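> Supplied in structure tokens, the structure appears directly below.
Bear in mind these aren't lab numbers, they're just calculated from the coordinates by the rules spelled out. Computed from a predicted model, the values in this text were never measured in an experiment. Here the Cβ positions follow ideal geometry from the backbone for every residue, glycine too, while neighbour counts run over all protein chains shown.
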Amino acid sequence: MDKVNGVVIGAGVVGLAVAKALIQAAPLGAKDWLVLEAASAIGTGTSSRNSEVIHAGIYYPRGSLKARLCVQGGEMLYAYALERGIGHQRCGKLIVATDEAELSALQAVLTKAQENGVKGMRWLDRSQARKMEPELSCVAALHSPNTGIIDSHGLMLSLQGDFENEGGLVAFNSAVTAAVCTSKGIVLHMADGSELMAERVVNAAGLTAPWLAAKFEGLSHAHVPAAYFAKGNYFTLAGKSPFSHLIYPVPQFAGLGVHLTLDLGGQAKFGPDVQWVDSPDDLLVSVDHEQTFYQEVRKYWSGLPDGALQAGYAGIRPKISGPQDVAADFCIQGPAVHGVKGLVNLFGIESPGLTSSLAIGAEVARLLSKTGN
């Protein structure tokens, strides 16, 4: 049986960021690391179906992993993108209250942002907001200058390059189906019938991370959360966007509302909404939601023309909290929690996972660097 120092399961943005952090932290002679990816390319799951937004850390509960790793990760991501020449733009965003009843919720967002250490947040009255975005309909807004956008595929290619330059190998079409946790290491069972032993394993399988963890013999099922799937539909705008900032409504339960984001070419898209589904494979845009999108967008852009929305794409949030639950925090579960030496499970890494990816990598490296882990 082949044996390696470590394996990261999943070549999405988080898996690649974790792999980069771990191999760069490994001493000379211990850089025999693999990323095992079930698909034929990097970033084909959640990482390829998001808004590509660099979040500032505004919405998350004080002291949560999401709050801490988003603020830390955003700073790391901007610095990394600048250093590596990855396309990005610190365009800023406006969070808008479209009627008086939403003002208290908008104030709560500002308070939470300040508690999380988000810098530069500013309250705007209607005239100040309209001065920044003349087409905007609102009674007040918050300006977040540190929110931005990034070329997520360019980011993943760079992370892959850093990992491979240190001697790591990304293996595609390499699905892990089960594992056995032993005192000598973790034996991974592959879909092709082969086996591989690793001293350290990080389960960064995204949507299937809970399913895979349940297949680890020696890991108590008490440490494996239930998986829930919240689909997000996106519609694109036909024609030029009248906005230069990202536009977000006041947050809604389980999501951030139907917001407007931009890509690096200035093309606008709207979404995601929240649609609970039974399967992570449900990736068709629900076109029957189109009229709901028009209604939601026109709350902050009354000038949206009829026929301007086109079905774009859909993605699935890898949630570990259900439709009636308060949104769960990131779950970065190491040996101190589950007792299995060398194993870290990443559960529920939904938004702001992209923004937090480099900070998550540093966190996993810290967990596995502890004596005995």
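> Does the stretch 330-373 come out rounded, prolate or oblate by the C-alpha gyration tensor, with a ≥ b ≥ c the root eigenvalues, rounded set by a/c under 1.5 and, if not, prolate when a/b is larger than b/c and oblate if not?
Working: a/c = 3.85, a/b = 1.72, b/c = 2.23.
Oblate, because a/c is 1.5 or more while a/b does not exceed b/c.
> Calculate, for D281 and Q107, the FRET efficiency according to 1/(1 + (r/R0)^6) with r their C-beta to C-beta distance and R0 45 Å; round to the nearest 0.05.
Details: r = 40 Å, r/R0 = 0.90.
Approximately 0.65, to the nearest 0.05.
> In addition: Report, for the chain, the % of DSSP beta bridges that are antiparallel, rounded to 5.
Among the beta bridges of the chain, antiparallel pairing accounts for roughly 65 percent.
> Right, here's the next one. Filter the chymotrypsin sites (Phe, Trp or Tyr not before Pro) in the stretch 218-285 to those in DSSP coil with at most 11 other Cβ atoms within 10 Å of their Cβ, and list the result.
F253
> With r as the distance between the Cβ atoms of W211 and N165 and R0 = 30 Å, compute the FRET efficiency 1/(1 + (r/R0)^6) and round to 0.05. Don't skip to the answer; put the middle values down first.
Details: r = 32 Å, r/R0 = 1.07.
So, using R0 = 30 Å, E works out to roughly 0.40.
> In the stretch 1-150, what % of DSSP beta bridges are antiparallel (nearest 5)?
Working: 13 of 17 bridges.
Roughly 75 percent of the DSSP beta bridges within the stretch 1-150 come out antiparallel.
> State whether the stretch 113-250 is rounded, prolate or oblate according to the following rule on the C-alpha gyration tensor (a ≥ b ≥ c being the square roots of its eigenvalues): a/c under 1.5 gives rounded; otherwise a/b larger than b/c gives prolate, and the remaining case gives oblate. Don't skip to the end; give the middle numbers.
Numbers: a/c = 2.75, a/b = 2.36, b/c = 1.17.
Cα axes put the stretch 113-250 in the prolate bin.
> Relative contact order for the chain: what is it in percent, counting Cα pairs under 8 Å that are at least 6 residues apart? Show your work: numbers first, answer last.
Working: 838 pairs, mean separation 91.0, N = 373.
So the answer I get is 24 percent.
> Please identify, among Q160, Q128, Q333, the residue showing maximal mean-square fluctuation in a Gaussian network model of the chain using a 10 angstrom Cα cutoff.
Q128
> Turning to a different aspect of this structure: Which of V285, V258 comes first, and how do the rest follow, when ranked by fewest Cβ neighbours within 10 Å?
Listing V285, V258 from fewest to most nearby Cβ atoms yields V285, V258.
> In the set [x] 29, 56, 15, 0; [y] 26, 47, 20, 7, 0; [z] 25, 51, 23, 0, which value of P(r) over Cα pairs in 20 Å bins from 0, in percent was calculated from the structure you see?
It is the value labelled [x].
> Let me ask something else about it. Per the helix-only calculation at 222 nm, which mean residue ellipticity applies to the chain, given -39500 (n - 2.57) for every DSSP H run of n ≥ 4 and division by its residues, nearest 500 deg cm²/dmol?
-8000 deg cm²/dmol
> For the stretch 1-86, rounded, prolate or oblate, judged on the Cα gyration tensor with a ≥ b ≥ c (square roots of eigenvalues), a/c < 1.5 rounded, else prolate if a/b > b/c? Write out the running numbers ahead of the final one.
On the way: a/c = 1.92, a/b = 1.58, b/c = 1.21.
Prolate, because a/c is 1.5 or more and a/b exceeds b/c.
> Looking only at S152, S48, S104, which one moves most when the chain is put into a Gaussian network model with springs between Cα atoms under 10 Å?
S104
> Separation of the stretch 50-64 and the stretch 77-145 by C-alpha centroid, Å?
What the calculation gives is 12 Å, centre to centre.
> If you don't mind, another one. Roughly what % of Cα-Cα distances in the stretch 70-115 sit above 14 Å, to the whole percent? Kindly include the intermediate steps, with their values, before the conclusion.
Details: 680 of 1035 pairs.
Distances greater than 14 Å cover 66 percent of the Cα pairs.
> Mind checking the angle between helix 353-369 and the chain's longest principal axis? C-alpha axes, 0 to 90 degrees, to the nearest 10.
Roughly 30 degrees, rounded to the nearest 10.
> Calculate the radius of gyration of the Cα atoms of the stretch 203-330 to one decimal place, then report Dmax, the largest Cα-Cα distance, as a whole number, both in Å.
Values for the stretch 203-330 (Cα only, Rg and Dmax): 17.2, 58 Å.
> The stretch 173-238: which trypsin sites (Lys or Arg not before Pro) are DSSP loop and have at most 11 other beta-carbon atoms within 10 angstrom? Could you put the intermediate results ahead of the total?
Details: sites: K184, R200, K215, K231; in loops: K184, K215.
Listed in order of number, the matching sites are K184.
> What is the spin-label model distance, in nm, from R62 to V139 if the labels are put 7 Å beyond Cα along the C-beta direction?
2.6
> Sticking with this one: Relative contact order for the stretch 217-373: what is it in percent, counting Cα pairs under 8 Å that are at least 6 residues apart? Mind dumping the intermediate values first?
Working: 247 pairs, mean separation 40.6, N = 157.
In percent, rounded to a whole number, it is 26.
> Are any of the pairs K66/K299; K112/K370; K31/K319; K231/K269; K93/K269 more than 26 Å apart by Cα-Cα distance, and if so, which?
Details: K66/K299 29 Å; K112/K370 32 Å; K31/K319 32 Å; K231/K269 16 Å; K93/K269 14 Å.
Among K66/K299; K112/K370; K31/K319; K231/K269; K93/K269, the Cα-Cα distance tops 26 Å for K66/K299; K112/K370; K31/K319.
> Under a 10 Å cutoff between Cα atoms, tell me which one of S137, S356, S51 has the largest fluctuation in the Gaussian network model of the chain.
It is S137.
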